[in-house]
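The values are calculated or read from the model by the stated rules, or taken from the named source; none is laboratory data. On a predicted model such as this, the values are computed, not experimentally measured, just so you know. Reconstructed Cβ throughout: ideal geometry from the backbone, glycine too, with neighbour counts over all protein chains shown.
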Amino acid sequence: MGEYKPPFHITDRITNLVAAICEQVGRITVLSHGNLSPHLKKENRIRTIHSSLAIEQNSLSLEQVTAILDGKRVLGNPNEIREVKNAYDTYELLLSLNPYSVEEMWGIMRKEAFPKDMRL
């Protein structure tokens with residue numbers, strides 16, 4: 001089977017227009033995710049925090065994480081409670097952080113978890 005030849009010539013103008021269209025589609029996709037209800041966003045954020053911390057052996061339940069982020073007191077390891085608060089703070093600051101600085105994000109996540117002389 002022979003090579004397909006489209007009924008047009010691909011020019012720099014066509015390539016630039018395709019790139020511009022892709023950029024706009026990407027922008028619309030990102031912006032459309034902002035249309036989630038605030039309640040659904042909060043619920044997703046809580047589940048994300050709970051799952052991420054569970055991987056790190058945080059034993060707090062989803063209900064406890066929800067209560068902590070609602071400002072309620074819960075029984076639990078103070079360090080694990082602090083991890084929940086720090087993870088929430090990190091997610092809130094995520095768009096303002098330097099994406100190439102592991103130290104910056106790690107510093108927020110571990111805030112108050114270690115003495116100042118042990119921090120990065």
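Here are some residues: ARG73, ARG82. Which one is under 20 Å from ILE108 (Cβ atoms) and either among the charged types (D, E, K, R) or under 20 Å from the mean Cα position of the chain (by Cα) (or both)?
It is ARG82.
Consider ASN58 carefully, then state whether it is in a loop (DSSP other than H, G, I, E, B) and surrounded by 10 or more Cβ atoms within 10 Å (Cβ to Cβ).
Taking the combined requirement at face value, the residue satisfies it.
Consider LEU53 carefully, then state whether it is within 17 Å of the chain's Cα centre (by Cα) and at pLDDT 90 or above. If you could, list the steps in order and put the result at the bottom.
Working: within 17 Å of the chain's Cα centre (by Cα): yes; at pLDDT 90 or above: yes.
So LEU53 passes the test.
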